[in-house]
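Notes for the one structure printed next.
Values quoted throughout were computed directly from the atomic coordinates according to the rules given, and no laboratory measurement underlies them. The model shown is predicted, which means the values in this text are computed figures rather than measured ones. In this analysis, Cβ positions are derived from the backbone assuming ideal geometry, glycine residues included, and neighbour counts consider all displayed protein chains.
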Amino acid sequence: MRLLSTKIKPFLKWAGGKSQLLSQLVPKLPVELKLGITKRYVEPFVGGGAVFFHVASVYEIEELSTCC
């Protein structure tokens, strides 16, 4: 697990953003991500990017990308 000294925040204020739900969403992330087994993370619905930026700043991921 890595923690950046500065917290990365979504670049858009999004009506359906997940920033306020992160405390409920993080426990539902796959165990493989938390253990460092997952090497690739694709965020299909980047929106404001709250989950994407959280994963990018906390977990050791070799390949981060978005689609759509």
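Within the straight-line cut-off of under 19 Å between alpha carbons, the aspartates and glutamates reachable from Lys18 are Glu43, sequence neighbours fewer than 8 places apart in one chain being disregarded. The magnitude of the dipole of the stretch 22-66, with charges of +1 and -1 set on the Cβ of Lys/Arg and Asp/Glu and taken from the Cα centre, is near 140 debye. One chain, two ends: Glu32 and Leu64. Fully extended at 0.36 nm per residue, the span grows by 10.0 nm beyond their Cα-Cα distance. Please list, in order, the residues from the stretch 49-68 whose amide nitrogen is less than 12 Å from a point placed 7 Å along the Cα→Cβ vector of Leu25. The answer is 49-56, whose backbone nitrogens lie closer than 12 Å to the label point. Rounded to two decimals, the Cα-based Rg/Rh of the stretch 22-66, with Kirkwood Rh, is 0.92.
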